[in-house]
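Novice: Got a structure here, written out as structure tokens. Questions coming.
The values are calculated or read from the model by the stated rules, or taken from the named source; none is laboratory data. Predicted model, so just to flag it, every value in this text is computed and none were measured. Positions of Cβ are backbone-derived with ideal geometry, glycine not excepted, and every protein chain shown enters the neighbour counts. Accessible surface is based on the protein model in full, side chains and every heavy atom, while ligands, DNA and RNA are left aside. Shrake-Rupley method; radii C 1.70, N 1.55, O 1.52, S 1.80 Å.
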Amino acid sequence: PFGPPSFSSHCTELYTSIPQACLPIVYHADYNITFMGLEKLHPFDAGKWGKVIHFLKEEQFISDGSIVEAREATEDDLLVVHTKRYLNRLKVALFFFNTSNFYWIFYYDSMTCSLQSLISSQWSLVVATITEIPPLLFLPNFLVQRKVLRPLRTQTGGTIMAGKLAVDRGWAINVGGGFHHCSSDRGGGFCAYADITLAIKFLFERVEGISRATIIDLDAHQGNGHERDFLDDKRVFIMDMYNRHIYPGDGYAKRAIKRKVELDWGTEDLEYLQKVELHSDGALNEVQPDIIVYNAGTDVLDGDPLGGLSISPQGIVKRDEIVFRAAKRRGIPILMVTSGGYQKKTARIIADSILNLHRQGLIETEALEKEGSSSLVTSMMSSSGFVGSKFTAL
């Protein structure tokens with residue numbers, strides 16, 4: 001169990017003040033993973049986050065100056081949830097020795113400062129296993145850190161930042177994040193850092209009045225990472241709706257789910273949306289949280305190679321609307337993360353969903369519009385020679 005706000009909390013840059021003129025949409029160009037084409041060995045579109053931003057700019061909904069730039073989570077930030085042992089396992093470097101035409105593989109254990117044989121440990125496979133990109137096993141660790149783990153740490157920082165923004169503004173969207181298979185001491189399924197757990201724990205420890213959270217996880221896969229982390233924490237209510245037949249099938253973690261909705265292969269819009277509305281309302285009626293963390297995976301899309309469901313693009317847009325409407329109706333701040341989605345067209349769907357939330361009045365942009373209006377008036381006055389003049393009120 002996590003304790004109340006503590007004066008011993010480490011110093012972090014993730015809770016710095018954000019200009020009111022910025023929309024609570026968090027992103028950084030470093031989210032995107034590109035490295036010699038290796039990212040193409042996983043079905044995940046490792047550049048989808050930048051594409052979402054591109055589409056939102058095309059629709060003139062955002063500009064570079066109107067969104068919040070994510071910061072990379074530091075090791076101290078990560079240690080709020082993760083064990084030192086787990087983080088060290090991500091720093092493993094491999095060494096190869098040839099003896100009599102037989103190659104021995106060793107790794108450097110940064111905790112004991114010694115070489116260990118691969119035969120006696122799984123540690124050397126950690127990053128390659130988590131990202132499901134086997135060739136990473138043979139790359140120098142500094143490249144893996146820079147090209148793979150740094151983007152994931154930046155997205156993790158973005159989720160933590162978005163948590164605070166959601167409380168301050170009523171809503172926030174991290175265009176990345178949603179690494180719901182990672183827990184404090186283990187990763188998997190392209191999830192190396194437990195950003196959902198971190199965002200909630202940061203809020204519990206640092207923001208007065210935030211003592212209960214509800215996770216609504218609508219990714220096609222079970223969110224076993226945050227479930228393992230909050231298994232014995234009664235302050236966190238978890239609703240998880242997923243394809244019962246696919247990864248991870250974590251029976252131990254399922255014990256943390258307070259509202260479990262298991263779907264079958266090929267579930268379509270009508271049944272899906274009815275269940276989303278029924279169970280989202282049910283979860284929020286059962287426990288009134290101080291914050292909602294919404295894991296909005298798009299791997300439920302029809303044709304997704306890993307999700308196994310048959311939801312249309314319009315169904316995903318409507319799903320997000322249902323969840324945001326439930327939050328707004330109750331006046332509960334909501335943080336959305338984008339999580340899984342393994343088709344090229346998912347970026348367009350995420351952008352369309354955000355635009356729809358705005359059209360429906362479910363995400364407010366008043367501060368930005370006021371700023372723009374103020375700038376326009378100032379510009380007009382300046383061009384007319386009014387700036388600096390003195391006026392007498394009649």
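Novice: Using modelled backbone amide H atoms (1.01 Å from N, in-plane), which distant-in-sequence or interchain residues come within less than 5 Å of Ile25's amide H?
Specialist: When sequence neighbours closer than 5 places are left aside, the close amide H contacts are Val68, Ile173.
Novice: What does the highest-first list of 293-302, 78-87 look like by mean Cβ count within 10 Å?
Specialist: 293-302, 78-87
Novice: For Phe190, what residues show an amide H to amide H distance below 5 Å, using hydrogens built from the backbone and excluding near sequence neighbours?
Specialist: Residues meeting the criterion, in which the H sits 1.01 Å from N, are Thr131, Glu132.
Novice: Given Cα pairs under 8 Å that are at least 6 residues apart, what percent is the relative contact order of the stretch 143-265?
Specialist: Worked out over the stretch 143-265, it gives 19 percent.
Novice: OK, next. Can you tell me the Rg and the Dmax, both Å, for the Cα atoms in the stretch 140-218?
Specialist: Gyration radius and largest Cα-Cα distance of the stretch 140-218: 13.4, 45 Å.
Novice: Then there is this: Once Lys and Arg get +1 and Asp and Glu get -1 on their Cβ, which of Leu203, Gly251, Thr267 lies farthest toward the positive end of the dipole of the stretch 196-268?
Specialist: The listed residue farthest towards the positive side: Leu203.
Novice: Which pairs break 20 Å Cα to Cα here: Lys84/Lys201; Lys234/Lys254; Lys57/Lys328; Lys48/Lys345; Lys57/Lys344; Lys201/Lys234?
Specialist: From Lys84/Lys201; Lys234/Lys254; Lys57/Lys328; Lys48/Lys345; Lys57/Lys344; Lys201/Lys234, over 20 Å: Lys57/Lys328.
Novice: List every residue whose amide H lies under 5 Å from the amide H of Phe179, counting only residues 5 or more places away in sequence or on a different chain, with H placed 1.01 Å from N in the peptide plane.
Specialist: Sorted by chain and number, the residues that satisfy this are Asp195, Ile196.
Novice: For the stretch 264-316, what is the accessible area per residue in Å² when the probe is 1.4 Å?
Specialist: On a per-residue basis, 40 Å².
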